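In what follows, a structure is listed as structure tokens, so that the remarks can point back to it.
Bear in mind these aren't lab numbers, they're just calculated from the coordinates by the rules spelled out. Values in this document were obtained by computation on a predicted structure and should not be read as measured data. Don't worry about glycine lacking a Cβ; one is built from the backbone with ideal geometry, like all the others, and counts go over all protein chains shown.
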Amino acid sequence: GRSTSPYKANQHANARTRNVVRSINREDVAFTIHLGDIVNPLPGSPGYAPACAAFTTIASELRSRLHLVPGNHDVGDKILAWSPAPQIDEAGLASYRQHLAPEHYSAFDHDDCHFVILNAQLLGSGLADEERQRRWFETDLDQHAGKRIFVSLHYPPFLEHAEEPATYDNLNPVP
């Protein structure tokens, strides 16, 4: 089908996703982690649910197990006073959970490694889900002590150095 995104640049998004799925399927991979911006329409927009459904249909062709990390297009932008797009809120989180996946979870173990999915947009948001994610993450880390732990986030902690201020492209500092 055609793209559900209103942006001309994304009119070929579904075809690109199909190509990525075919490329991954040609390899012998144990798992696939999508690091976010799974769809382009934001939660609450008319195209969001159809875009999620189109992605789910295309991704069902993957031979490896797929794990999703929410991106800012999937749940709303992180909290920044000057953010150019709608910011993360409870409604966006609920839409993501309904149409795609949980927004934070202990994804899986592989060999001696433990993989975790976190919602980076929650960090510094002040939403109730931020505290719930923090408590859950601390417990999960305790339960998997001694394993190598890999955390998948949409935003990197920093771009150049740990003391840099928050930008649109890195994590917000956590108080």
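The table for this structure:
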| item | result |
| --- | --- |
| Net length gained if the chain between Leu35 and His144 were fully extended (0.36 nm per residue, minus Cα distance) | 37.0 nm |
| Integer Hz, Karplus 6.51/-1.76/1.60 couplings in order for the range 15-29, x for Gly and Pro | 5, 5, 5, 4, 5, 4, 4, 4, 5, 5, 5, 6, 9, 9, 10 |
| Integer Hz, Karplus 6.51/-1.76/1.60 couplings in order for the range 143-158, x for Gly and Pro | 5, 10, 4, x, 8, 6, 10, 10, 10, 9, 10, 6, 9, x, x, 8 |
| Kirkwood-based Rg to Rh ratio, the range 19-83, C-alpha trace | 1.05 |
| Descending Cα extents along the principal axes, the chain, whole Å | 43, 42, 32 |
| Value of D in µm² per second that Stokes-Einstein yields for the range 117-175, Kirkwood Rh from Cα pairs, at 37 °C (0.692 mPa s) | 261 µm²/s |
| The chain - mean residue ellipticity at 222 nm from DSSP helices (-39,500 (n - 2.57) per run, n ≥ 4, rounded to 500) | -9500 deg cm²/dmol |
| The range 55-96: equivalent-ellipsoid semi-axes (sqrt of 5 x gyration tensor eigenvalues, Cα, Å) | 27, 10, 8 |
| Dipole axis of the chain (+1 Lys, Arg; -1 Asp, Glu on Cβ), positive-most option in Asn25, Phe115, Ala145 | Asn25 |
| HN-Hα J in Hz across the range 104-113 - Karplus 6.51, -1.76, 1.60, θ = phi - 60°, x for Gly and Pro | 8, 5, 7, 5, 4, 10, 9, 6, 9, 10 |
| Of the GluC sites (Glu not before Pro) in the range 73-175, those whose Cβ has at most 16 other Cβ within 10 Å and which sit in DSSP loop | Glu160, Glu163 |
| Only Lys, Arg (+1) and Asp, Glu (-1) charged, at Cβ; the chain dipole about Cα centre in debye | 880 debye |
